[in-house]
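Here, each number is a calculation from the coordinates, and none is a lab measurement. Since we're looking at a predicted model, the values are computed, not measured. Glycine gets a Cβ as well: all are built from the backbone with ideal geometry, and neighbour counts include every protein chain shown.
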Amino acid sequence: MTTRQDIEDMIFRVALQDRSAFEALYSATSAKLFGIILRVLKDRAAAEEVLQEVYLRLWQGGAETFATGKASPISWLATIARNRSIDRLRKKRPSSPLEDAPEIAEPGLGPEGLAIAASERAQINGCLDELNPDRAAAVRGAYLDGDTYADLAARFDVPLNTMRTWLRRSLISLKDCLSK
Amino acid sequence: MSDESINPEDDIPRDDVLAAELSLGLLTGDELAQAARRARIDQTFAGLVEDWDIHFSTLTDDIAPVAPPKGVFKKIKADAYPESPKRIWQNLGIVPAFLCAGAAAITLLVALQFGGYMQPDTVTPTSVARVVAQDNSLVVAAAYVGDSGQLFVERQVGASAQGRSLELWVIAGDAAPVSLGILAIDETIDEIIVPENLRDQMVGATLAISDEPFGGSPTGAPTGAVLAAGEITTL
C-alpha cells in the first residue's frame, strides 16, 4: 500500500530528477489521474496526451512546486490533472474567449496546514447535498465538465447574471458549510 | 462587472467567492485574466484558491482509476530523458536533412546540418544510411555512433503489414545478414546497440529491412521479402 508519505517522498525525489521515483510515482498515481482526465475529456486519445503532458511537466520542474502544506499529494496531483484537462477542453471549444486556463500559483505554505487535508475528504459532497440540486449540479459541472458561467447559463436557460448570482450564493453557502 | 451584490452583512469575504470562481474555472475573459494574475502575485489570495482546489479535488475521489495503456510511460520517458533515442535523434539534426533529400532511391550521403543549437554533450554520429524501398513505400533513416555502437533509426515512411514485423539486418561484405532487431510498431524511432563484433564492419556495410512474421524471423536469417536496403556511409 502506497501511503500519502510515500507519494510525497516520490514527488520530492522527482523534483531532484530521480528516475526510479518518477517511475514509482507514475505507477502509483497514473491510473487515478488517467481516470480523472478521461472523466473530464471523455476522449481516450486526448486523455493519453494530457496524461503524458502532466507527468512530463512534473518531471520538467512541476514537482519542485509541490510544497508540503495543506494539499495532500493526491489532491495536488488530481488538481493538476483536472486543470490540464480543462485547458485541453477549452482549446477545443472555439466559443470560449479563453486562450489558456489559469496557472494557479503555489503559495508556498508552511507546515501549519498539514493536518487539515484528511478531514476534507468527501466533506464537499455532504455540503453540496445541502444546496439546491440544480446548483450542486452546476458546481459539479463546472469542476468536472469545465462549464463556465456562460455554459451554465445556457444549460439552465437563465440569464448570465442570474446564473452568477445563483452560483455565488451557492459558493457562499458552500464555504459556510465547509467551515463548520 | 459584478453588479449583483453579495450580501454585505455576510462575513464571507468577496475574495473567497472570487477564489472559488477561479478554482472552478467559471470565469472567462478579463475577469479570468485578472483573477489569475492575482493568484500569481497575491499569496493570501492564492491560499484561498488552494483551499478551494483542495475541497473541489475531493470531487474526484469517486472517479474510478483507469490504467493507462502500456506504452504511455515509455513516451513520457522519450520526451523527458535527454538520452532517449527520440531526444538524441532530434538533436542530431538529421531529420530535416533526410526529408529534403528527395526521392532518389539510392543511398545518399547526407550533409548533416549541425547548427549552433547542438549541445556540447550531444551524441555525434559517425555515419549514416538511408534505407529505402524501390518504390519509396518504406524509408528509414539511420545514424550510427561509432564510439558507442549506438544505431538510431527513424522510420520516416511506411510501416509493417498487419500482424507482421519489420526486421533490420546488417550485411557486411559477403557475410550473411545479421539481425539488428525488429523495428518498433508504436514508435518511429529506435535505438539499437550494435553488437561489438559487428562495430568495425558497419561502415560500408548495407542495412536492409525485411518483412517477417510478427516478432521477427524465426530462423535467424531473413525469411520474407527484402523491402528496402541502403549503404552505411561515413560522414
request  = Compute the separation of the alpha-carbon centres of region A:1-19 and region A:125-163 and state it in Å as a whole number.
outcome  = 36
inquiry  = I'd like the per residue volume of the convex hull spanned by the Cα atoms of region A:122-179, given in cubic angstrom.
reply    = 65
remark   = For region A:34-94 the trypsin sites (Lys or Arg not before Pro) that pass both the DSSP coil test and the at-most-16 other-Cβ-within-10 Å test are A:Lys42
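Can you list the equivalent-ellipsoid semi-axes of region B:14-60, largest first and in whole Å, using the square root of 5 times each Cα gyration tensor eigenvalue? Can you show the working numbers first?
On the way: eigenvalues 55, 32, 13 Å².
Computed over region B:14-60, the values are 17, 13, 8 Å.
Within 10 Å of each residue's Cβ, count the other Cβ atoms and sort A:Ile11, B:Ile63 from fewest upward. Spell out each step's value before the answer.
On the way: A:Ile11 23, B:Ile63 19.
Ordered from fewest to most neighbouring Cβ atoms within 10 Å, A:Ile11, B:Ile63 come out as B:Ile63, A:Ile11.
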